[in-house]
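Encoded as structure tokens, the structure appears first; notes follow it.
None of the figures in this text is laboratory data; all of them are computed from the coordinates on show. Computed from a predicted structure; not experimentally measured. All Cβ positions, glycine included, derive from the backbone under ideal geometry; neighbour counts span all protein chains shown.
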Amino acid sequence: MKDWIKELCPEIDDWQAELIAEAAQDAVKAEREACAAIILERGVDLSGLARDSMTQAFTEKLLMVCAHAIRARGDE
């Protein structure tokens, strides 16, 4: 990302481009975490609607898998 920033704004120094890149990455990570948290928080409401414990357990596991997948996108 730093190279892309330098390409767009060649007049800035490397350290400035690095700060901008880090801030953007931090913002993306925070948004990803917020999305994962919403999945888990709202999912609790859904899992409570399950008719039996097996369906509830499946729903909760599915929510955990989805939240993990959202968080893991930063590792790609």
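Assign one of three labels to region 24-76, namely rounded, prolate or oblate, based on the Cα gyration tensor with a ≥ b ≥ c the square roots of its eigenvalues; rounded applies when a/c is under 1.5, prolate when it is not and a/b is larger than b/c, and oblate otherwise. Here region 24-76 falls in the oblate category.
Modelled spin labels at A21 and D52, positioned 7 Å past Cα toward Cβ, are 5.4 nm from each other.
The charge dipole of the chain, taken about its Cα centre with unit charges on the Cβ of Lys, Arg, Asp and Glu (plus for the first two, minus for the last two), comes to roughly 600 debye. Of I70, A21, I39, which is farthest towards the positive pole of region 2-75's charge dipole, taken about the Cα centre with +1 and -1 on the beta-carbons of Lys, Arg and Asp, Glu respectively? Looking along the dipole axis, the top candidate is I39.
Bridgeable aspartates and glutamates around K6 (alpha carbons under 16 Å apart, same-chain partners fewer than 8 residues away excluded): D14, E18, E22.
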